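Input: a single structure, listed below in structure tokens.
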Amino acid sequence: MPEITILKRPRTEAVVTQRKFFKKTARGKVIKVLRERYLRDDVSCGIEGCRECETSNLSLPASGDKQHSAYPNGHFILPDTNVFLSQMDLVESTLFNPPIILLQTVLEEVRHRSLPLYNRLKALTKMDEKKIWVFYNEYRSETAIVREEGETPNDRNDRGIRKATAWYNSHLQLTRPPIRGQPSQLPTVVLMTEDAANRRKAEKSSIGATSVRQYVEGMKDASQLLDLLAAEGTNDIEPTKAVAGRQALYPEYLPTAVLAAGVKAGELHQGHFNANQYNYLEGSVSVPAYKKPVLLIGRENMNRVVDGDIVVVEVFPESEWKAPADEVVDQDSTLKNDDAEESADEADAEGNEVLVKESKLLSSEKRSSERQPTGRVVGIIKRNWRAYVCHIDSTSLTSSNATSLSQQTVFATPVSRLLPRIRIRTRQAPSLIGQKILVTIDRWDVTSRYPEGHFVRALGKVESKEAEQESLLLEFDVPYRPFGKAILDCLPKEGEQWVVPPKSATSPEWRDREDLREMIICSIDPPGCQDIDDALHARPLPNGNIEAGVHIADVSHFVHSDTPMDSEAASRGTTVYLVDKRIDMLPSLLGTNLCSLRPFVERLAFSAIWEMTPDAEIVNVRFTKSVIASKAAFTYEEAQIRKDDPHRQDELTTSIRLLNTLAQKLKAKRMAAGALNLASPEVKIHLDSAESSDPIDVEQKEMRETNSLVEEFMLLANISVARKIEETFPQTAVLRRHLPPPKTNFEKLQDILMKRKGMKLDVSSSGALAASLDQCVDPQEPAFNTLVRIMATRCMLSAEYFCSGSVGKDTFGHYGLASPIYTHFTSPIRRYADVLAHRQLSAAIGYTPLHPSLHSKPHVERVLDVVNRRHRMAQMAGRASVEFYVGLALKGRGEREKQVSGSAGTVTEEAFVIRTFRNGVGVFVSKLGIEGLVMFKRDMQFDAENYTITVGETTIAVFDKVTVRIEVEKDKNTQRGRVKMSLVHPIDSSGM
């Protein structure tokens, strides 16, 4: 038996080994927290070959890095916290590879300051190509420190970082004694900090220190790496002429304490800033105190905000309220002559052409009489800054330097028209023309008309499908990295050979599962669907009723709570569907194989089975884990053909007909209850082949009875599951709701319908809205009703996931479906919310205990916040992908017509006018599912009250049918492709 020695710590050590701090509780009580810290002398330095420390295969190289010109004997860098907070793009670059010592102090401070940056830093420590050693300096006796009296937490951390750097250098000397007759070639540990005072203190203590810029300038790839430096980390260099020595253009923000007090008192208002896509000099902020959003007019009142920022606004007195402008103001054309490296004072209106032009635009803008709250931004609560996909504006390059590699200041124009141009410094400007690039905003000074940022990396040539696809994923923040080893290790060891084991009492897979393998079950999905989530069945019962079942892939059998795969799925939130690519939420082994309910293969499922009367009244419902073997996988079209074929009388066809009969009755009941039949512009892209993914044409999606069949049973399953999990877990059930839209959202559409068509839209309830939408019919124009439904859909609020204990029960309802309760259960392969609902339902039927995290309301709220955001982004990414491919298809169609006729190929399509401006009209091309602007250069007669614009003798109004010419043109400066539209009928606008 080994001898056990008990060591008692001396009282004198308590100062170092105990950490004392004060904490405020949620109720405002201050408590003292005392934490014991166990110090030791065997925390490894992590340097290969160290005689004193245990090393691993993840150790840093013995001599460090010898590539840097300032450290020929080799070196390691030890960055402080601000390096990671401000220069993460540099640290993540594949060109930046010095061995890094990451202190525990720094890691904890980054986590405290920014969770997203902490997650990026943690990911870096796990990358094979990066040489990073995490050193737990707070637990090594020689490097642990305590906060001194009067010392700030920041100063204490800086002192700890300096002490750790000094210890590393002395440790290297002790473990590598000099050899007589040979010169000492010890590597050095260099403190990297952006804090000049910290550098001075380090140098005073004979500790080697460097700034980030100074260090990067000595690297072999300095010209590329210098572009990655964030602007806010460059206080030690000369500011650009465009920023230096100028008067303020914007007011300073109020202090945080003043903002908080103002919002609490109701004098100021907080909300999200929404940029205006038609007028870059206007934006709005929705706040609870007013029915209509607060309007912000002009640069000064918008005060350096970016779309998505959480801001605080001051509302002007009612006498100063205004209406939104009726004019399209395009940023690109207004600012095209602006100089990125401008020497004139940007705030001096007399010497600045752009300010003069903007002032004229604001003073000449005519506004309708419908005023709304108007105000100005006085502070920022949270910035929405991130990496943006941009193009370099070629006109902003200085002509003398067009082929030079010297640093120049240029404009980066974001792909999104909701964002301002970003001023960046780069040495690579000439080589970046015609490329899509990634740019991050670093700061926006009160003296600068534009935010300043830095170049992150090039994505590829404009219009190359690879660059377009990656830029789209980055633009909408879609995680697309490959699944890591830890995640793949969670998959079944058998891989693709995994099968449902033979039925036996001892098999864990078969425990408490119903054997439904002989049941006539089939799936109905879009063409090419590989991740088949759901399958259905229906059969008559001896008592005259009907049994109907929905069988959903049992994803929660493979994805367990609190595993790397579960964390990754929670982070991704949803599968993202692009036109020619799918970004999966789960590894493809599960999504397209083991969980996919493919035909003729036994699969694990979670089944909801109803007994219904022939009139689709539910007698009872039961939920059970099951094993199924689907008998067929149909497309919607195949199922429709099979159902309609009178010669087919087999069991499968009879089942589809039975399901369809029930679905029609279920839908009729939903509609009678007030459900909305809304519409969205859905189109189908025809690709040349699976390999080339070149689009050859676009057409509207056809909706069949079988689409509705599947939809009705998925809705029924979701509603039934929602009731069950809310009944069992009233505080933490994962549900989905759709709040009723504010009536003010419909005011404009109601006014347009009344004035242009004499039609009334009743929005008093969802049932009243559904009934009045049915009445919006134009006998001469069948597509009119669909157009009104699309416009009504845009007046709605977005549906959202929520935790049942977080909101009042009276707000659970789903407005669009007219259901008092709803969730998502039917697509767990592609939606994480469904996986959570599966776990809760499994616990509700007593199959498995519920993981503790799903009993925690704060945890469920946090997860659903991420899932809601990912869901919104995935929808936007999908729409953007369709728009890009529609553009390619139009371009291809135009080129084919050019080859046939020999003249310039253009595409003409019928469209509806959906909006009128003083200088143009907004149109919707239903066949292609796209919107566009037809702009007029000359002043036209505009009637804002009646939504008309008169061009010569021709008057065009909202809802009028027109013919438009559609071209895809490239912006000469940015190389950005854009759809350009002009009128062909009732007038030709090409010369206007």
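Within the stretch 442-464, track down each residue that is open to solvent by less than 50 Å² (accessible area, probe 1.4 Å) and either assigned by TED's automatic domain parsing to the domain that holds residue 252 or charged (D, E, K, R) (or both). First the steps, then the outcome.
Going through the stretch 442-464, the residues open to solvent by less than 50 Å² (accessible area, probe 1.4 Å) turn out to be 442, 444-456, 458-460, 462, 464.
Of everything in the stretch 442-464, those that are open to solvent by less than 50 Å² (accessible area, probe 1.4 Å) and either assigned by TED's automatic domain parsing to the domain that holds residue 252 or charged (D, E, K, R) (or both) turn out to be 442, 445, 449, 452.
Select from the stretch 36-56 the residues that are outside any loop (DSSP other than H, G, I, E, B) and surrounded by 13 or more Cβ atoms within 10 Å (Cβ to Cβ) and list them in ascending order. Outline the logic, then answer.
Step one: filter the stretch 36-56 for residues outside any loop (DSSP other than H, G, I, E, B), giving 36, 40, 47.
The answer is 47, and nothing else.
Screening the stretch 532-542 for residues that are touching a strand residue (DSSP E or B) at 6+ places or on another chain (Cβ under 9 Å), outside any strand (DSSP E or B) and surrounded by fewer than 23 Cβ atoms within 10 Å (Cβ to Cβ) and picking the one that is modelled with the lowest pLDDT gives 532.
To keep it simple, each residue is scored yes or no on (1) at pLDDT below 80; (2) of a type in the set (S, T, N, Q).
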position	(1), (2)
955	no, yes
960	no, no
966	no, no
970	yes, no
978	yes, no
982	no, yes
985	no, no
991	yes, no
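Checked against the criterion of being open to solvent by less than 30 Å² (accessible area, probe 1.4 Å) and either at pLDDT 90 or above or of a type in the set (A, V, I, L, M, F, W, C) (or both), the candidates 672, 679 yield just one match: 679. Is there a residue being more than 21 Å from the chain's Cα centre (by Cα), over 21 Å from residue 93 (Cα atoms) and not in a loop (DSSP other than H, G, I, E, B) anywhere in the stretch 469-486? The answer is yes, given that some residue of the stretch 469-486 is more than 21 Å from the chain's Cα centre (by Cα), over 21 Å from residue 93 (Cα atoms) and not in a loop (DSSP other than H, G, I, E, B). The single condition among (1) in contact with a Leu (Cβ under 8 Å, 6 or more places away or on another chain); (2) over 30 Å from residue 594 (Cβ atoms); (3) in the same structural domain as residue 582 (by TED's automatic domain parsing) that residue 823 does not satisfy is (2). Taking the stretch 278-318 as the region of interest, how many residues are in a strand (DSSP E or B) and in contact with a Lys or Arg (Cβ under 7 Å, 6 or more places away or on another chain)? Here the count works out to 6.
What are the residues in the stretch 424-443 that are assigned to a loop (DSSP other than H, G, I, E, B) and small (Gly, Ala, Ser), if any?
Within the stretch 424-443, 434 is the sole residue that qualifies.
From the list 830, 872, 918, the one residue that fits, being among the basic types (Lys, Arg), in contact with a strand residue (DSSP E or B) (Cβ under 7 Å, 6 or more places away or on another chain) and closer than 30 Å to residue 605 by Cβ, is 830. Of the candidates 155, 236, the single residue that is acidic (Asp, Glu), within 39 Å of the chain's Cα centre (by Cα) and either within 30 Å of residue 54 (Cα to Cα) or modelled with pLDDT of 90 or more (or both) is 155.
Looking at 731, 750, which is the one that is free of Cβ contacts under 8 Å to residues at least 40 places away in the same chain and polar (S, T, N, Q)? I'd like the intermediate steps shown before the answer.
On the way: 731 fails: free of Cβ contacts under 8 Å to residues at least 40 places away in the same chain.
Testing whether each residue is free of Cβ contacts under 8 Å to residues at least 40 places away in the same chain and polar (S, T, N, Q) leaves just 750.
Scanning the stretch 711-731 for residues that are open to solvent by 10 Å² or more (accessible area, probe 1.4 Å) and either assigned to a helix (DSSP H, G or I) or outside the structural domain of residue 841 (by TED's automatic domain parsing) (or both) gives 711, 714, 715, 716, 719, 720, 723, 724, 726, 727, 728.
Which residues, counting only those in the stretch 593-626, are part of a loop (DSSP other than H, G, I, E, B) and open to solvent by less than 30 Å² (accessible area, probe 1.4 Å)?
Let us first name the residues in the stretch 593-626 that are part of a loop (DSSP other than H, G, I, E, B), namely 595-601, 613-617.
Scanning the stretch 593-626 gives 595, 596, 597, 616.
Counting only helices (runs of 4 or more DSSP H) that sit wholly inside the stretch 759-869, those with at least 1 residues that are surrounded by 20 or more Cβ atoms within 10 Å (Cβ to Cβ), at pLDDT 95 or above and in contact with a Pro (Cβ under 9 Å, 6 or more places away or on another chain) are 832-844. Being in contact with a Gly (Cβ under 7 Å, 6 or more places away or on another chain) and part of a helix (DSSP H, G or I) is the filter; apply it to the stretch 444-468 and report the residue that is nearest to residue 415 (Cα to Cα). Out of the qualifying residues, it is 467.
Within the stretch 58-103, the only residue that satisfies the criterion of being in contact with a strand residue (DSSP E or B) (Cβ under 7 Å, 6 or more places away or on another chain), within 17 Å of residue 136 (Cα to Cα) and either free of Cβ contacts under 8 Å to residues at least 12 places away in the same chain or open to solvent by 10 Å² or more (accessible area, probe 1.4 Å) (or both) is 59.
For (1) assigned to a loop (DSSP other than H, G, I, E, B); (2) of a type outside the set (Asp, Glu); (3) assigned by TED's automatic domain parsing to the domain that holds residue 831; (4) open to solvent by 40 Å² or more (accessible area, probe 1.4 Å), each residue gets a yes or a no:
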| site | (1), (2), (3), (4) |
| --- | --- |
| 544 | yes, yes, yes, yes |
| 551 | no, yes, yes, no |
| 559 | yes, yes, yes, no |
| 566 | no, no, yes, no |
| 591 | no, yes, yes, no |
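Among residues of the stretch 281-328 being among the aliphatic types (A, V, I, L, M) and more than 27 Å from residue 873 (Cα to Cα), the one that is most open to solvent (accessible area, probe 1.4 Å) is 289.
One residue stands out among those in the stretch 517-531 that are part of a loop (DSSP other than H, G, I, E, B) and open to solvent by less than 30 Å² (accessible area, probe 1.4 Å): the one that is farthest from residue 600 (Cα to Cα), which is 531. Open to solvent by less than 40 Å² (accessible area, probe 1.4 Å), at pLDDT below 70, of a type outside the set (Val, Ile, Thr) and closer than 27 Å to residue 935 by Cβ: does that describe residue 358? Answer is yes for this residue.
Regarding the stretch 918-931, can at least one residue be identified that is at pLDDT 85 or above, over 30 Å from residue 392 (Cβ atoms) and surrounded by fewer than 17 Cβ atoms within 10 Å (Cβ to Cβ)? No, every residue in the stretch 918-931 fails to be at pLDDT 85 or above, over 30 Å from residue 392 (Cβ atoms) and surrounded by fewer than 17 Cβ atoms within 10 Å (Cβ to Cβ).
The values are calculated or read from the model by the stated rules, or taken from the named source; none is laboratory data. Worth saying up front: this structure is predicted, and the values here are computed from it rather than measured. Note: ideal-geometry Cβ built from the backbone for every residue, glycine included; neighbour counts use all protein chains shown. Only protein heavy atoms, including side chains, enter the accessible area calculation; ligands, DNA and RNA are left aside. Shrake-Rupley method; radii C 1.70, N 1.55, O 1.52, S 1.80 Å.
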